[in-house]
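First the structure, then my questions, so here it is.
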Amino acid sequence: MAFAPVGPEASFFEVLDQHRASLLAALRRGGGEPADGGTRLASSSEVLASIESVIQDVITSLARNKAPVFTIDNRSSWENIKFEDSVGLQMVPHCTRRKIKSDSPKSVKNFALILKILSIIYKLVQSNTYATKRDIYYTDSQLFGNQTVVDNIINDISCMLKVPRMSLHISSTSKGLIAGNLRYIEEDGTKVHCTCGTTAVAVPSNIQGIRNIMTDAKFLLIVEKDATFQRLLDDNFCNRMSPCIMVTGKGVPDLNTRLLVKKLWDTFHIPVFTLVDADPHGIEIMCIYKYGSMAMSFEAHNLTVPAIRWLGLLPSDIKRLNIPRDTLIPLTKRDQMKLDSVLKRPYVTCQPFWRKEMEMMADSKMKAEIQALTFLSSDYLSRVYLPNKLKFGGWI
């Protein structure tokens, strides 16, 4: 491979290599993963048949002088979610469902919008063309009202038809960035060569379409915030820790960033770490990458990477490094509610070290941004904190 490693000596990666070996051993014990990484796109004919079946039910109801109804799995209740350590949050097989009735004043508009978007999807699949969620919104922005309405309906349709969103021929504009030792070819033949320099590459909008992926990276680092990601690039962190890959979803990750992280894990099984603020929202973002979200639980197998480890910023690091209290931020009422919510999630029971860190945060009633480390020195994060964590196994 033509990557030119300029990072630390091989001995630096000993603990990382041991961690990777343990991850691979755990995979073998669990019977491994499907060859396609758990991701299966429905064929065009399957999607068309599913939509036709839904419309046939509507026609049948009308023929019987009954008001048509869409029945959709309820994705907003924890009662419908089960947790498996090897997969994350996923919907239970026989979950409660909600009805979207065509004769109810409360849901008639939603019923009509689902029909409209189903029609758009049918035409896209039939003609083998793609549209973004934004494109769909602008087909009738006054009718939809706002983008969130479109986004929620697309997720409902994906859940109702039991097919991944990409199978619906709907893509979304990526907001994530990637840098480091990685090359691939996009669906249209564009060759992408990510670098360890100060410039990142946008996450592709069609992750399933990328091929010929090559890397010799020892680890993948997910960075919560764009500002921290850019600072690490400016500090030449990627080069000094080469070979490695860095990704940021710029806060709560979009679908494409999650799909990319999943694809890199499925393809290479390299250690994946997260660098997030020591606050409830940073922890929740990390949990989305690792275990998924309630809203997208119907597609957990395609999105989650339970092998992810929490590298930093740990609440215990704040104490260990003697970060002054005046550089910390008091937890707001909203923060405390979020922290309480995360502590009650089913996956916390299998993460005792995570629980301990969160309880430490709750007891101190303080949170910290990664930037708090600049108190020690302007480049402490990239020069000391992360290299030491990676070399000596400072993750949980």
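The values are calculated or read from the model by the stated rules, or taken from the named source; none is laboratory data. The structure presented is a predicted model; accordingly, all values stated were derived computationally and were not measured. Cβ coordinates were reconstructed from backbone atoms using ideal geometry, including for glycine residues, and neighbour counts include every protein chain displayed. Protein only, heavy atoms only, side chains kept; ligands, DNA and RNA dropped before computing areas. Shrake-Rupley method; radii C 1.70, N 1.55, O 1.52, S 1.80 Å.
Determine the gain in length on full extension of the stretch ARG334-PHE375; use 0.36 nm per residue of separation and subtract their C-alpha separation, reporting nm with one decimal.
12.1 nm
Oh, and also: In region 74-121, what is the count of Lys pairs whose alpha carbons are under 18 Å apart, counting only pairs at least 8 residues apart or on separate chains?
5
Kindly report the accessible area of region 67-210 per residue (heavy atoms of protein chains, probe 1.4 Å, no ligands, DNA or RNA), in Å².
Heavy-atom accessible area per residue stands at 47 Å².
Still on this model: By a straight-distance test (C-alpha under 15 Å), which aspartates and glutamates pair with LYS344 as possible cross-link partners, with residues fewer than eight away in the same chain excluded?
LYS344 reaches GLU79, GLU284, ASP335, GLU357, GLU359.
Excluding same-chain residues fewer than 8 positions from LYS133, which aspartates and glutamates have a Cα within less than 14 Å of its Cα?
Partners found: ASP151, ASP156, ASP254.
With a 1.4 Å probe and every protein chain left in place, work out the accessible area per residue of region 291-332 in Å², rounded to a whole number.
39
Now, a different point. What span do the alpha-carbon atoms of region 266-358 cover on each of the three principal axes, reported in whole Å from largest to smallest?
43, 29, 20
Could you check the spin-label model distance between ARG98 and ALA67? Points 7 Å from the Cα along Cα→Cβ, value in nm.
Simple spin-label model gives 1.7 nm for this pair.
Please list GLU224, GLU369 in order of solvent-accessible area, largest first, computed with a 1.4 Å probe with all protein chains present.
Of GLU224, GLU369, the descending order of accessible area is GLU369, GLU224.
Could I get the Rg over Rh figure for region 324-380? Both from C-alpha atoms, Rh via Kirkwood, rounded to two places.
Computed over Cα atoms, the ratio is 1.05.
Provide the per residue accessible area, probe 1.4 Å, for region 333-396, rounded to a whole number of square angstrom.
Heavy-atom SASA per residue in region 333-396 reads 54 Å².
Provide the solvent-accessible area of HIS281, counting protein heavy atoms only and rolling a 1.4 Å probe, rounded to the nearest 10 Å².
50
Follow-up question, since we're still on this one. Counting just the Cα atoms, what span does region 94-144 cover along each of its three principal axes? Round to the nearest Å and put the largest first.
Projected onto the principal axes, the Cα atoms of region 94-144 cover 33, 32, 16 Å.
A further question follows. For THR129 and ASP234, compute 0.36 nm times the residue count separating them, minus their Cα-Cα distance, and round to one decimal in nm.
The THR129-ASP234 span can extend by a further 33.9 nm.
If you don't mind, another one. Taking the Cα atoms only, what angle lies between the long axis of helix 44-63 and the longest principal axis of the chain, rounded to 10 degrees?
That works out to roughly 40 degrees.
Another question, if that's okay. Run through every distinct alpha carbon pair of region 85-196 and return the Kirkwood hydrodynamic radius in angstroms, one decimal place.
Averaging 1/r across every pair of different Cα atoms and inverting gives 16.8 Å.
In 10 Å bins starting at zero, report the fraction of Cα pairs in region 124-270 per bin as a rounded %.
Pair shares across the bins are 11, 37, 31, 17, 4, 0.
May I pose another question? How do THR173, THR332 rank by accessible surface area computed with a 1.4 Å probe, from largest to smallest?
Greatest to least solvent exposure: THR173, THR332.
Can you compute the modelled spin-label distance between THR173 and ARG211, with each label point 7 Å from Cα toward Cβ, in nm?
2.9
Report the residues of region 307-336 in range of a label on LYS356: point 7 Å along Cα→C-beta, backbone N strictly under 16 Å from it.
310-312, 314-321
Continuing with the same structure: Amide H neighbours of ARG309 under 5 Å, at least 5 residues apart or on other chains, H built in the peptide plane: list them.
Correct list: VAL272, PHE273, THR274.
Return the Cα extents of the chain along principal axes one, two and three, sorted largest first, each rounded to a whole Å.
72, 50, 44
What do you reckon, how do HIS94, HIS301 stack up by accessible area (1.4 Å probe), largest on top?
Ranked from most to least accessible, the order is HIS94, HIS301.
Taking the full set of protein chains and a 1.4 angstrom probe, give the accessible area of MET360 in square angstrom, rounded to the nearest 10.
60
What is the distance in Å between the Cα centroid of region 65-131 and that of region 292-333?
With region 65-131 and region 292-333 each reduced to a Cα centre, they are spaced 31 Å.
Only helical DSSP H runs with n ≥ 4 go in: add -39500 (n - 2.57) per run for the chain, normalise by residue count and round the 222 nm mean residue ellipticity to 500 deg cm²/dmol.
After summing the helix terms and dividing by residue count, I get -12000 deg cm²/dmol.
If you don't mind, there's one more thing I want to ask. Relative to the first principal axis of the alpha-carbon coordinates of the chain, what is the inclination of helix 280-291, with its axis defined by its Cα atoms, in degrees from 0 to 90 and to the nearest 10?
That helix lies at roughly 70 degrees to the long axis.
Separate question: Probe radius 1.4 Å, ligands and nucleic acids ignored: give me the carbon and sulfur share of the accessible area of region 190-326 as a rounded percent.
Heavy-atom surface of region 190-326 belonging to carbon and sulfur, 1.4 Å probe: 51 percent.
Considering lysine pairs in region 186-322 that are 8 or more places apart or on different chains, how many have Cα atoms under 28 Å apart?
For region 186-322, qualifying lysine pairs total 21.
Taking all pairs of distinct Cα atoms, average 1/r, flip it, and tell me the Kirkwood hydrodynamic radius of region 239-305 in Å to one decimal place.
After inverting the mean inverse Cα-Cα distance, the result is 12.6 Å.
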